[in-house]
1. Determine the pairs where a residue that is within 15 Å of Gly83 (Cα to Cα), located within the range 53-67, has a partner that is among the basic types (Lys, Arg) with Cβ atoms under 6 Å apart, the partner being 6 or more residues away or on another chain.
2. With Val202, Val149 as the choices, which residue is modelled with pLDDT of 95 or more, crowded, with 17+ Cβ neighbours inside 10 Å and under 18 Å from the mean Cα position of the chain (by Cα)?
3. For the range 150-200, name all the residues that are of a type in the set (Ser, Thr, Tyr) and closer than 30 Å to Phe19 by Cα.
4. Are there any strands (runs of 3 or more DSSP E) wholly within the range 91-197 with 3 or more residues that are within 17 Å of Gly208 (Cα to Cα), and if so which?
5. Read through the list (1) within 24 Å of Gly120 (Cβ to Cβ); (2) loosely packed, with under 14 Cβ neighbours inside 10 Å; (3) modelled with pLDDT of 80 or more; (4) among the acidic types (Asp, Glu), then give the number of the only condition that Glu27 fails.
6. Looking only at residues that are touching a Ser or Thr at 6+ places or on another chain (Cβ under 9 Å) and among the small types (Gly, Ala, Ser) in the range 105-122, which one is modelled with the highest pLDDT?
7. Among Asp46, Asp55, Asp125, Asp112, which is under 28 Å from Leu223 (Cβ atoms), of a type in the set (D, E, K, R) and open to solvent by 10 Å² or more (accessible area, probe 1.4 Å)?
8. Before we move on, is Val150 of a type outside the set (Lys, Arg) and farther than 20 Å from Ala62 by Cα?
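The values are calculated or read from the model by the stated rules, or taken from the named source; none is laboratory data. In this text, all values refer to a predicted model and were calculated from it rather than measured experimentally. Backbone-built Cβ (ideal geometry, glycine too); neighbour counts: all protein chains shown. Areas reflect the complete protein model, heavy atoms only, side chains present, ligands, DNA and RNA absent. Shrake-Rupley method; radii C 1.70, N 1.55, O 1.52, S 1.80 Å.
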Amino acid sequence: MFYWILKNLIVGPVLKALFRPWITGAEHVPKQGAAILASNHLSVVDSVFLPLMLDRRMSFLAKAEYFTGRGIKGWATKWFMKGTGQIPIDRSGGSASEAALNTALQVIGRGDLLGIYPEGTRSPDGRLFKGRTGIARMALVAKVPVIPVVMVDTDTMLPIGASHPRIMRVGMVLGEPLDFSRYEGLEDDRFVLRSVTDEIMVALQQLGGQEYVDDYASKHRRLAEAEGRLSKGAFAREE
């Protein structure tokens, strides 16, 4: 109920009036049943606008630090993240990765929509980077379709490190669902997981036309910080 109120009566109407978001391909989202929405990641607001424009409720896996902040800002962030359906996960790796998988499977097991960013972090320069294979394992274990999603201009609206958004239109394009049932039972095969992940990234690249980089975004983020092209802590201040 709180999610519906926040989306339809409080935050949603304001965001729609200010930024006039547009969407194409919404018909590819099933009216019922679980699915994974795999999106490129340009801005921290991606997790806000995509759920806002879908009729069905969806959840994103979000870093646990969003839910542990102190003071008024920490409380407000925690309140907003919970209200918009975000789910806290520990991204430190190892057993935490397994816990993240289990959390995602619980969402999917309820027949809900789950949003995932295959790149693992925001693009530091607007390009599309190599995907992490966690999304492939989730899709194969849960036996659900993957819907590619391309966010448009959210990085221009709120660039990395910016404190205030620009008032401008943003959009999203959804592609046809990807079916990986041919790999049933192979969720522990690392070559299959890489193949599935790469197929998702190809679909995203073709849908949005971003330049593709066959390397991880996190590596290029660190390189950009080291070279001074991206201020250190810009991601941390927003995430």
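1. Phe67/Lys78
2. Checking each option against the conditions leaves just Val149.
3. Of the range 150-200, the ones of a type in the set (Ser, Thr, Tyr) are 154, 156, 163, 181, 183, 195, 197.
Correct list: Thr154, Thr156, Ser163.
4. Working: elements: 113-116, 146-152, 171-174.
In the range 91-197, 146-152, 171-174 are the strands (runs of 3 or more DSSP E) which contain 3 or more residues that are within 17 Å of Gly208 (Cα to Cα).
5. All conditions pass for Glu27, except number (1).
6. Per the stated criteria, the residue is Gly115.
7. Selected residue: Asp125, the only one of Asp46, Asp55, Asp125, Asp112 that is under 28 Å from Leu223 (Cβ atoms), of a type in the set (D, E, K, R) and open to solvent by 10 Å² or more (accessible area, probe 1.4 Å).
8. Working: of a type outside the set (Lys, Arg): yes; farther than 20 Å from Ala62 by Cα: no.
Spelling it out, it is not the case that Val150 is of a type outside the set (Lys, Arg) and farther than 20 Å from Ala62 by Cα.
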